[in-house]
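To keep things clear, I will list the structure first and then write my remarks on it.
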Amino acid sequence: MDPFDSSDSLEGTSKAAATNTEVPVPWSRFSAWLECVCVVTFDLELGQAIELVYPHDVKLTEKEKTSICYLSFPDSYSGCLGDTQFSFRLRQSVGRSSSWFGQEDAYNKDAPVTLQSLVVVSKLPFVNLFHSLLKVIAPEYFEKHEPCLETVCNEIDQWPAPVPGQTLNLPVMGVVMQVRIPSKVETPGGSPIKQPETENLLPAPTVLPSVHELDLFKCFQSALIHVQMLWELMLLGEPVVVMAPSPTVSSETVLALVSTIAPLRYCGDYRPYFTIHDSEFKEYTTRTQAPPNVILGVTNPFFIKTFQCWPHIIRLGDLKMSGDLPKQVKVKKLAKLKTLDTKTGIYTAYKTFLHKDKALIKRLLKGIQKKRPSEVQSAILKRHLLEQTQSFILPLERFLESLMPPQRSMSPWKTPPQIRSFSQDEFMKTLEQTGPQQTLKGDWTGLYRRFFRSPNFDGWYRLRHREMTQKVECLHLEAICAADLLTWTKDKSEVEIVDLILKLREKLTRARKHQLPVKEELLERLEQSILTIISSLPEDLQTLLHRQ
């Protein structure tokens, strides 16, 4: 992930929490990490209902409550017995959720069967952290119930803010989890946790290698020979259904797929676990229009019939071995996807633009035979995918930079120049000189043309254009601050000077409101220049301008 799409949420929550340290607000630190914790109970006669939400003052809409109720339990077809753990995602503002599903009294024939799920809800994409958190608190909750949950939430309310780039110690129920919050500029797997030198914690912290990265090798070990196809499907934002034997496999596979194109952000919708009770079920299963750009993880075999019009369906089963190697699923025609007992495979007519990296596949398969640790295999796979994505994005980044107005064109006395518009044809002409520096051969031109029609290109371009616009504003601000504004006003009328002051104030307000990446001292210098210009005006005008 992320490929993960919550960088804005992360920055917002960390800034809010940092502000709230000065004036304590109830649950401010808690809300920097979680929206709430829910307990959902399933009664064989009454169905499922949210039994408890903590903190108690959290308000969930009826639609959110219904979604959480249905998504927090494994589908009856998945055959999950005992405790199981998985993630799901809501379209609503609540964000992501991780669920620990447990059965109470399941083996006591005289007691009524009660099924319960403990759900943590958050806008942050820290799946690994929340899974680890649930592993600690769920067994205790099922034994001690609400008092335990209150204690846990109060402990989380003491956690430091999730500030990007920092390594934090997070205590809960006698366990200390040590995590590093990733920053925007980090590459996947590129920043291992550095142990703090000054702290001697008792008990010793449990170090989580990543708050959000999954074991890619484990997720893809039955489809290693098709990693190139999976990467392209994600890059192009194609509609994909993952049919898995359990919610755990379903959610992990969907999240792993989304992460394959990191650091490029996946901009389509994705549901790690999706059921027929989901509020978007009708929207996603209609045959009157093309399937939407979404990845769905499902377990109910009923979906095989429902999703026959979808172009790409990945049918997974329990891992099977062929000698000492995992049996690889085959690519099959969609026409064969007809019966409920459909065999495992990737059902698609898609032909990859790029050739498979046979050296990578050979290296990973040899690693299995040599019993290379899964985390090492994952690191190899992540590095390959990262380099491939970066090779694909680099020519686009170079072309985008060429659209920026030159710095010498910035005049403090004129409106900043415009960024040139993106021309697909012009970009394609640059590929001969600045094409992907990658050993993989294939139709890169065709891949780019298809990418331009995807939601991932649209999302990438909007984000980069916003960043470039901010950079132009910053350069213009620097030009203004470097100019001798007071001298310029000497031969100007009062109307022109007042107009300049109002425009400078607007610039200053915008820079602070939108948190432009400029030094505070630069803004203070501009503020001082405005005051100096005001002081050169007649007293009545000074009074008027100071009031505004």
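The values are calculated or read from the model by the stated rules, or taken from the named source; none is laboratory data. Since we're looking at a predicted model, the values are computed, not measured. We place every Cβ from the backbone using ideal geometry, glycine too, and count neighbours over all the protein chains shown. For accessibility, only protein heavy atoms count, side chains too; no ligands or nucleic acids. Shrake-Rupley method; radii C 1.70, N 1.55, O 1.52, S 1.80 Å.
Points to keep in mind about this one:
- Out of Thr299, Thr288, one residue alone is surrounded by 14 or more Cβ atoms within 10 Å (Cβ to Cβ) and of a type in the set (S, T, N, Q). It is Thr299.
- Enumeration of residues in segment 169-206 that are under 22 Å from the mean Cα position of the chain (by Cα), at pLDDT 55 or above and surrounded by fewer than 19 Cβ atoms within 10 Å (Cβ to Cβ): Gln178, Ser183, Lys184, Val185, Glu186
- Residues located in segment 284-302, provided they are under 14 Å from Tyr270 (Cα atoms) and either in contact (Cβ under 8 Å) with a residue 24 or more places away in the chain or among the charged types (D, E, K, R) (or both): Pro291, Pro292, Asn293, Val294, Ile295, Leu296, Gly297, Val298
- Single residue of segment 536-547 satisfying the filter (loosely packed, with under 12 Cβ neighbours inside 10 Å and of a type outside the set (Lys, Arg)) that is nearest to the chain's Cα centre (by Cα): His546
- Selection status of Leu337, closer than 29 Å to Thr286 by Cα, surrounded by 11 or more Cβ atoms within 10 Å (Cβ to Cβ) and in contact (Cβ under 8 Å) with a residue 12 or more places away in the chain: yes
- Within segment 402-433, the only residue that satisfies the criterion of being surrounded by fewer than 14 Cβ atoms within 10 Å (Cβ to Cβ) and β-branched (Val, Ile, Thr) is Thr415.
- Residues located in segment 464-488, provided they are open to solvent by 60 Å² or more (accessible area, probe 1.4 Å) and assigned to a helix (DSSP H, G or I): His465, Arg466, Glu467, Lys471, Glu478, Ala482, Thr487, Trp488
- Every residue from segment 318-334 that is in contact with a strand residue (DSSP E or B) (Cβ under 7 Å, 6 or more places away or on another chain) and open to solvent by less than 60 Å² (accessible area, probe 1.4 Å): Val329, Lys332, Leu334
- Scanning segment 490-509 for residues that are surrounded by fewer than 10 Cβ atoms within 10 Å (Cβ to Cβ) and either closer than 18 Å to Leu477 by Cβ or small (Gly, Ala, Ser) (or both) turns up just one, Ser493.
- Hits in segment 13-53 (condition: at pLDDT below 85 and assigned to a helix (DSSP H, G or I)): Thr13, Ser14, Lys15, Ala16, Ala17, Ala18, Thr19, Asn20
- Subset of segment 516-535 that is open to solvent by less than 70 Å² (accessible area, probe 1.4 Å) and not in a helix (DSSP H, G or I) - its residue that is nearest to Thr469 (Cα to Cα): Leu516
- Failed item, numbered, when His226 is tested on (1) modelled with pLDDT of 85 or more; (2) out of contact with any strand residue (DSSP E or B) (no Cβ under 9 Å at 6 or more places or on another chain); (3) open to solvent by 10 Å² or more (accessible area, probe 1.4 Å); (4) within 20 Å of Thr348 (Cα to Cα): (2)
- Candidates Lys358, Lys282 - the one that is charged (D, E, K, R) and either surrounded by 15 or more Cβ atoms within 10 Å (Cβ to Cβ) or over 24 Å from Arg89 (Cβ atoms) (or both): Lys358
- Subset of segment 329-372 [under 29 Å from the mean Cα position of the chain (by Cα), among the polar types (S, T, N, Q), closer than 24 Å to Val249 by Cα and part of a loop (DSSP other than H, G, I, E, B)]: Thr344
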